[in-house]
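Working notes, beginning with the structure itself.
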Amino acid sequence: MMKISTFPLLAGSLLLLTGCDIEYGTLPEHYYDFRHDAHQWQPGFSDYPRDNADIYQLESGMRDLPTGFSGKGLYLAGMNRSDDLFMYIKKQITGLQPSTRYQLSVSVRFLTNAGADCMGVGGAPGESVYLKFGYAATEPKQAGYYLNADKGNQSQDGTQARVIGNVAAPGISCDGQNFASKTVSGGGNTPLQFTSNADGTIWVFIGTDSGYEGLTRLYYQELELRIGPR
C-alpha cells in the first residue's frame, strides 16, 4: 500500500534538516542524497515529439534549491504540451545476485510547487501529476515517442512500473510561487517484482507521468530504493 507524507521518511532526513554531515556507513545501501551529487542518476524525458522539443521547455541537472531551502537538488522541469509528458531519473543498480527474483519499493523526497486542490488545464497541477517508479533490463530511454519500458499511462500502472502518489503538497498556494518538501513512500497497490540480469544488474527509474497540461518543476532531494528477496 502507498504512504504519502509531507514529512521526511528517509534515512538521514533528520541530518538534512539539522545540517549535520551524513555518516554514509549508517545508511541503507541504496540511499542517495542529492544535496551535493547526482550519484550517477541520469535525467530523461519521453512521451513527447523530439522534433518539436523546444516548446516543452525541458530542463534538468543539479541546481541550487529555491529560496528557503539549502543545498542542491536534481532538478527536472517540463511543459506538458502532449498531455502525457514523462520526466524521470534513472540509474543502473549493480551487485545483485545474478538472475534472481527481487521485489522493489521506494521512498523519495522532493520539492514541489504544486499545491493541493488547485485547478489546471487538463488536470490538477498536483494530483494529476502521478509519481511512478519502475525497472528495466536495459537502459530506460525514449524509443520513438514512448519510453522503451512499460510504465503505464498517467494514473495507470504498467507491467514494469507502479504509481505511488502525486506531487501535490498541501499548505502551499496555487500560484506556483512557493515550494514545499514532500515525501512519498511505498511499493504501489501490487508488488513490483523483477529478475536481475545475468550479470547482477537492473535499471531503476522514478518520475512523473503528467495529465496536467502545464509546467511541472521538481527538485529531487533524497531517494531510497528498497530491494529485497521476492
Go through segment 92-135 and give me each residue that's small (Gly, Ala, Ser), buried (at least 20 other Cβ atoms within 10 Å of the Cβ), farther than 20 Å from ALA149 by Cβ and under 19 Å from the mean Cα position of the chain (by Cα).
SER107, ALA114, GLY115, ALA124, GLY126, SER128
Determine, yes or no, whether ASN166 is within 30 Å of MET119 (Cα to Cα), in contact (Cβ under 8 Å) with a residue 24 or more places away in the chain and loosely packed, with under 15 Cβ neighbours inside 10 Å.
no
Given the conditions (1) modelled with pLDDT of 95 or more; (2) part of a loop (DSSP other than H, G, I, E, B), which single one is not true for CYS20?
(1)
Those residues that are surrounded by 23 or more Cβ atoms within 10 Å (Cβ to Cβ), farther than 25 Å from VAL121 by Cβ and polar (S, T, N, Q), I need them from segment 201-227; list them, please.
GLN221
Consider SER173 carefully, then state whether it is over 24 Å from SER46 (Cα atoms), more than 15 Å from the chain's Cα centre (by Cα) and either surrounded by 23 or more Cβ atoms within 10 Å (Cβ to Cβ) or among the polar types (S, T, N, Q) (or both).
yes
Being among the aliphatic types (A, V, I, L, M), surrounded by 12 or more Cβ atoms within 10 Å (Cβ to Cβ) and closer than 25 Å to ASN153 by Cα is the filter; apply it to segment 39-69 and report the residue that is farthest from the chain's Cα centre (by Cα).
ALA53
Give the number of residues within segment 171-181 that are in contact with a Lys or Arg (Cβ under 9 Å, 6 or more places away or on another chain) and farther than 9 Å from ALA114 by Cβ.
2
Which strands (runs of 3 or more DSSP E) does segment 137-230 wholly contain that include 2 or more residues that are farther than 18 Å from MET79 by Cα, modelled with pLDDT under 95 and not aliphatic (A, V, I, L, M)?
215-229
Among the residues of segment 188-200, the number that are crowded, with 20+ Cβ neighbours inside 10 Å and of a type outside the set (S, T, N, Q) is 3
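The values are calculated or read from the model by the stated rules, or taken from the named source; none is laboratory data. Please read these numbers as outputs of a predicted model, since none were measured by experiment. With ideal geometry, Cβ positions are generated from the backbone for all residues, glycine too; neighbour counts draw on all protein chains shown.
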